[in-house]
1. Of everything in region 131-149, what is of a type in the set (D, E, K, R) and open to solvent by 30 Å² or more (accessible area, probe 1.4 Å)? Give them in sequence order.
2. Taking region 291-329 on its own, how many of its residues are within 13 Å of the ligand (Cβ to nearest atom) and among the aromatic types (Phe, Trp, Tyr)?
3. Just the residues that are within 8 Å of the ligand (Cβ to nearest atom), touching an Asp or Glu at 6+ places or on another chain (Cβ under 8 Å) and open to solvent by 10 Å² or more (accessible area, probe 1.4 Å), please, taken from region 196-219.
4. Inspect all residues belonging to region 31-49 and state whether any of them is more than 30 Å from residue 272 (Cβ to Cβ) and hydroxyl-bearing (Ser, Thr, Tyr).
5. Could you count how many residues in region 150-169 are open to solvent by 30 Å² or more (accessible area, probe 1.4 Å) and within 13 Å of the ligand (Cβ to nearest atom)?
6. Return the residues of region 67-98 that are in contact (Cβ under 8 Å) with a residue 24 or more places away in the chain and assigned to a helix (DSSP H, G or I); say none if nothing qualifies.
7. I'd like the full set of residues that are surrounded by fewer than 17 Cβ atoms within 10 Å (Cβ to Cβ) and either of a type outside the set (S, T, N, Q) or over 20 Å from residue 108 (Cα atoms) (or both), limited to region 348-366.
8. Which one of these does residue 104 not meet: (1) modelled with pLDDT of 95 or more; (2) among the acidic types (Asp, Glu); (3) over 17 Å from residue 329 (Cβ atoms)?
Amino acid sequence: MAVDFLIVGGGMAGASAGYFLAEHGRVVLLEREEAPGYHSTGRSAALYTETYGNAAIRALTVSSGSFLRDPPKGFTDHPLLTPRGSMVVAPASEEKNYRAALAEGQRYVKSVRGLSVDEAMALCPALRREKVGYAFLEPDAMDMDVHAIHQGFLRGLRARGGEIVSSAEVTALARRGALWEASTPAGRWEAPLVIDAAGAWADKVARLAGVREVGLVPKRRTAFTIDPPAAYDTTGWPMVSDIEETLYFKPESGRLLVSPADQTPIEPCDVQPEEIDVAEAADRLQAKTHIEVRRVLRRWAGLRSFVRDKTPVVGPAPDAPGFFWLAGQGGYGIMTSPAMGRLTAALATGAPVPAELTRLGLAAAHILPNRLLA
Ligand SMILES: Cc1cc2nc3c(=O)[nH]c(=O)nc-3n(C[C@H](O)[C@H](O)[C@H](O)COP(=O)(O)OP(=O)(O)OC[C@H]3O[C@@H](n4cnc5c(N)ncnc54)[C@H](O)[C@@H]3O)c2cc1C
C-alpha cells in the first residue's frame with residue numbers, strides 16, 4: 001500500500017512525528033514490538049527539566065513546554081506535567097563545579113536559584129548534612145506522565161487518519177523509483193518519505209536502506225524503585241541529583257526511584273539491568289543520605305542513544321532521497337518530543353525550522369545529519 005509518510009519505530013519519537021505529520025498526509029507507523037512504548041520510552045525517569053543538556057536540547061525542551069503544559073483539546077484528560085522540582089547537591093569540595101553549573105542553569109532558566117544548606121536539608125531531610133556543601137534548585141522541573149503523552153500522540157495520529165501497525169519489524173528497505181518499500185512480517189508499505197525513528201536501532205535501519213550511518217551509540221542506564229523510608233514524607237521531595245552525576249533519586253508513584261546515572265555503551269538490544277549497577281547506586285544512596293535500601297521492588301534499564309555532539313539528528317539524509325533521520329534523543333526524548341515532532345513535520349514537508357525554535361537559538365546546522373557525515 002502506498003502512503004505519504006512511513007515511520008519506522010513507535011516510541012516517543014515516531015509517535016510525536018506521526019502526530020504532526022498526519023496533518024500533512026497519510027501516515028503509517030511501523031513498530032516491531034506488540035506495544036510501541038516497550039523500549040526507551042517506557043523506561044525513563046519521566047522528568048521535564050529545562051536545565052539539562054546542551055543549548056540545542058534546552059531550546060527543544062523550552063519549546064515543548066507550552067504543549068506539555070497546555071496540550072491541544074482532546075489530547076489528554078489529565079495533566080501531562082505535575083510539579084516536582086529538581087535539586088542538584090554538591091559537596092564542599094566541588095565549589096567550582098557547583099558555581100559553573102548554577103551559572104549555566106540560570107543562563108536559560110531565571111527561576112533557578114542557589115540554596116543554603118538549611119534550605120536543601122528542608123527540601124530533602126534525608127540527606128547527610130555533612131555531604132552537602134552547596135545546592136541549587138530548578139523549582140519548575142516537572143514530573144511527566146509519559147504514558148499519557150505517548151498515547152496522546154498515537155491517538156491523535158489515528159484521529160488524523162494515520163495507521164499504527166504493531167509486530168511489524170522493518171526487515172528490508174529498498175528504493176524503487178520515487179518510493180521506499182518497507183518489508184515487514186505484517187505486510188509491505190511504500191512511501192516517498194521514510195522516517196527513521198527506530199531509537200537505538202536507527203543506524204541499523206539506515207544500514208538496511210544502504211544509507212550512511214550517523215554513529216549512534218546506545219548507552220545503558222539503570223533505575224530501580226524502593227519503598228520510601230518510613231521516617232520521612234517523601235511525596236514533596238524534588239528529584240535530587242549529585243553534581244558528579246553518579247546518583248539521582250525522586251519520588252515515583254508512592255515509591256522512590258533511584259538511578260546510578262550510568263551510561264555504559266552497548267549494542268542495541270532489550271537491555272536488562274546489571275546487578276553491579278543496582279548495588280553501586282544503593283551504596284551511593286546510603287553514603288549520601290540516611291535512606292536504607294532493604295529491598296529493591298522493581299529494576300530496569302533502558303537505552304539513551306547519542307551521536308558524538310549529543311544533539312538529536314533530524315533531517316533528510318544527504319546521501320539518500322526520501323530517507324529522513326529522527327534519532328539521537330539521548331536522555332531528553334520525552335521532554336523534547338512535541339518540539340521534535342513539529343520540527344520533523346516542518347523539515348519533512350520542505351518548511352524551515354519553526355520560528356519559535358529559531359528564536360530560542362536552534363539552527364538547522366545544529367540538528368541536520370550532514371554535520372555528522374562530513
Ligand atoms: C533510565 C532512563 C531515564 C530517562 N529519563 C528521561 C527523562 O527524565 N526525561 C526525558 O525526556 N527522557 C528521558 N530518557 C530518555 C528517553 O526515554 C528517550 O530519549 C526516548 O524514549 C527515546 O524515544 P525513541 O522513540 O527514540 O526510542 P524508543 O522508545 O526506544 O523507540 C524506538 C522504537 O523503534 C522500534 N524499532 C526499532 N527497530 C525497528 C524496526 N526495524 N522496525 C520497526 N520498529 C523498530 C523499537 O521497537 C522501539 O519501540 C530516559 C531514558 C532512560 C533509559
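1. Of region 131-149, the ones of a type in the set (D, E, K, R) are 131, 138, 140, 143, 145.
Matches in region 131-149: 131, 140, 145.
2. 3
3. Within region 196-219, 205 is the sole residue that qualifies.
4. No, that holds for no residue.
5. 4
6. Hits for region 67-98 are 67, 68, 92, 93, 94, 95, 97, 98.
7. 349, 350, 351, 352, 355, 356, 359, 361, 363, 364, 365
8. It is condition (1) that residue 104 fails.
The values are calculated or read from the model by the stated rules, or taken from the named source; none is laboratory data. Quick caveat: nothing in here was measured; it's all calculated off a predicted structure. Reconstructed Cβ throughout: ideal geometry from the backbone, glycine too, with neighbour counts over all protein chains shown. Side chains are part of the model used for accessible areas, which takes the heavy atoms of the whole protein and leaves out ligands, DNA and RNA. Shrake-Rupley method; radii C 1.70, N 1.55, O 1.52, S 1.80 Å.
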